[in-house]
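For reference, the structure discussed in these notes is given below.
The values are calculated or read from the model by the stated rules, or taken from the named source; none is laboratory data. This one's a predicted model, so the numbers in the text were calculated from it and none came from an experiment. Using ideal geometry, Cβ is built from the backbone for each residue, glycine included, and neighbour counts are taken over all protein chains shown.
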Amino acid sequence: MKASSPELMSSMVVPVKLLTVVQLIPALHSGGAERSALEIARGLVQAGHRSVVISAGGRLVAQLQAEGSEHITLDLGRKSLATLGRLGALRRVLRELKPDIVHARSRLPAWMGWWALKGMSPRPHFVTTVHGLNSPGRYSAILLRGERVIAVSQTLRDYVLSHYRWLEPGKVRVIPRGIDPLTFPYGHRPDDAWQKAFFAEFPALAGAPLLTLPGRGTRLKGHHDAVELLADLKRRGIEARLLLLGVVEPGREAYVAELRELIRVRGVASQVVLTPPRDDVRDIYAISALVLQLSNRPESFGRTVIEALSLCRPVLGYAHGGVGELLAELYPAGRVPPGDRERLVERAAELLRVAPPISPLQSYRLVDMQQATLALYDEVAAG
């Protein structure tokens, strides 16, 4: 048999091993970690791999399954002794699936996965992602026990390496979250029908520049600061409206009631709307005069920053953590010192008057995040 020529050999595509990847996450309601899980699941399916997510369920399950992944309902994220009772069920599921990689995205699911994998033969590879600036300690350290540890920003990589001196730097890879420029197209404006329906649903938001603060119903996200900002603008004679997008969630009723009371006391009840998570965030960002990122503690990333900037919408945020990192690189005019109420209202007034131009994004693309993560999976599986 004649040997193949070097030219023919170099043109042949060497098939990559098809993988079964299981992602562990508490639930699939909303949030950056959940969306990252969906996006990596989609990338796995598109590359021909088998993608499975184990969680307690949520509104994003339908999308996950529609995009070709499997979902197994198992609550691994509730901080309760009952969760430990599900360890046997998780081990049975993993033995049936025979995954190549188990990828944990949260601390308690990571502990459950770590224990479930003990004694399994062959033992799947264990990968973790650190999504947040978690309090250092033994409980959080489980997310650094992966064969590879993904950090979603340089800020977060620096954080974990400074607090866990035993962690090998070469294991920690920065893979920033990314967005799809087709989903958040530069200069996008929603059509008249959508705008008419939106303002019919929320008439309080019509008639003045819209400030939008997207974020879950947690104190971390800075909803109080956004309300104070609106009140400060009003005192300066600057009309605006405020949308607290995604703040209304099950189990957050007391926090929402606290916000409504603050809104009443500050005299801006007719100018503020609070909503549950919505699927039309792109169009909401696109009609916003400012997208706010006012987390009162440093966050590991700032996905809303790149989503808004991709649409060519100005962002105003606190210059710390991953948000500060992104604003310094992509939109310095939007940075203010954390908690500085005076600077915040001054900068908001400036940006509402004349916002500096925004160039199309050349980085932080979804495809980059997917390719980097799948390459890391291949690397681990081949290890």
Study note, to complete from the structure: Checking Arg173, Arg157, Arg177 in turn, the sole residue that is in contact with a Gly (Cβ under 8 Å, 6 or more places away or on another chain), surrounded by 12 or more Cβ atoms within 10 Å (Cβ to Cβ) and not aromatic (Phe, Trp, Tyr) turns out to be Arg177
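Anything in the range 225-236 that is in contact (Cβ under 8 Å) with a residue 24 or more places away in the chain and either closer than 14 Å to Gly317 by Cα or not in a loop (DSSP other than H, G, I, E, B) (or both)? List them, or say none. Talk me through it step by step, then tell me what you get.
Within the range 225-236, the subset in contact (Cβ under 8 Å) with a residue 24 or more places away in the chain is 225-234, 236.
If the condition is that a residue be in contact (Cβ under 8 Å) with a residue 24 or more places away in the chain and either closer than 14 Å to Gly317 by Cα or not in a loop (DSSP other than H, G, I, E, B) (or both), then Asp225, Ala226, Val227, Glu228, Leu229, Leu230, Ala231, Asp232, Leu233, Lys234 are the ones that fit.
Does the range 251-273 contain any residue that is assigned to a helix (DSSP H, G or I), surrounded by fewer than 21 Cβ atoms within 10 Å (Cβ to Cβ) and either within 17 Å of the chain's Cα centre (by Cα) or at positive phi (or both)?
Within the range 251-273, the subset assigned to a helix (DSSP H, G or I) is 253-265, 269-271.
Those left that are additionally surrounded by fewer than 21 Cβ atoms within 10 Å (Cβ to Cβ): 253-258, 260-262, 264-265, 269-270.
Imposing the further condition that a residue be either within 17 Å of the chain's Cα centre (by Cα) or at positive phi (or both) reduces the set to none.
No, there is no match, as no residue in the range 251-273 is assigned to a helix (DSSP H, G or I), surrounded by fewer than 21 Cβ atoms within 10 Å (Cβ to Cβ) and either within 17 Å of the chain's Cα centre (by Cα) or at positive phi (or both).
Take the residues of the range 73-102 that are in contact (Cβ under 8 Å) with a residue 60 or more places away in the chain and farther than 20 Å from Leu143 by Cα: which is surrounded by the fewest Cβ atoms within 10 Å (Cβ to Cβ)?
Here the answer is Lys98.
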Review point. For the range 239-271, how many residues are touching a Ser or Thr at 6+ places or on another chain (Cβ under 8 Å) and of a type outside the set (A, V, I, L, M)?
Key: 4
Check your understanding: Taking the range 315-330, which residues are surrounded by fewer than 22 Cβ atoms within 10 Å (Cβ to Cβ) and either under 20 Å from Val354 (Cβ atoms) or under 14 Å from the mean Cα position of the chain (by Cα) (or both)?
Key -> Leu330
**Study point:** Number of the condition not met by Gly137 [criteria: (1) at positive phi; (2) in contact (Cβ under 8 Å) with a residue 24 or more places away in the chain]
**Key:** (2)
Study note, to complete from the structure: Of Thr73, Thr83, the only residue that is among the polar types (S, T, N, Q), more than 18 Å from the chain's Cα centre (by Cα) and modelled with pLDDT of 95 or more is Thr73
Check your understanding: Got a number for residues in the range 53-72 being surrounded by fewer than 21 Cβ atoms within 10 Å (Cβ to Cβ) and either closer than 17 Å to Pro109 by Cβ or not assigned by TED's automatic domain parsing to the domain that holds Leu90 (or both)?
Key -> 7
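When you check Leu294 against the structure, is it among the aliphatic types (A, V, I, L, M), out of contact with any Cys (no Cβ under 9 Å at 6 or more places or on another chain) and either within 28 Å of Asp191 (Cβ to Cβ) or in the same structural domain as Ala33 (by TED's automatic domain parsing) (or both), yes or no?
On the way: among the aliphatic types (A, V, I, L, M): yes; out of contact with any Cys (no Cβ under 9 Å at 6 or more places or on another chain): yes; either within 28 Å of Asp191 (Cβ to Cβ) or in the same structural domain as Ala33 (by TED's automatic domain parsing) (or both): no.
When the stated conditions are applied, Leu294 does not pass them.
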Check your understanding: Any residue in the range 108-127 that is in a helix (DSSP H, G or I), among the charged types (D, E, K, R) and without any contact (Cβ under 8 Å) to a residue 60 or more places away in the chain?
Key -> no
Review point. Is there any pair linking a residue in the range 325-341 that is in contact (Cβ under 8 Å) with a residue 12 or more places away in the chain and in the same structural domain as Leu294 (by TED's automatic domain parsing) to one that is of a type in the set (Gly, Ala, Ser) and surrounded by fewer than 21 Cβ atoms within 10 Å (Cβ to Cβ), with Cβ under 6 Å and at least six apart or on different chains, and which?
Key: Arg335/Ala319
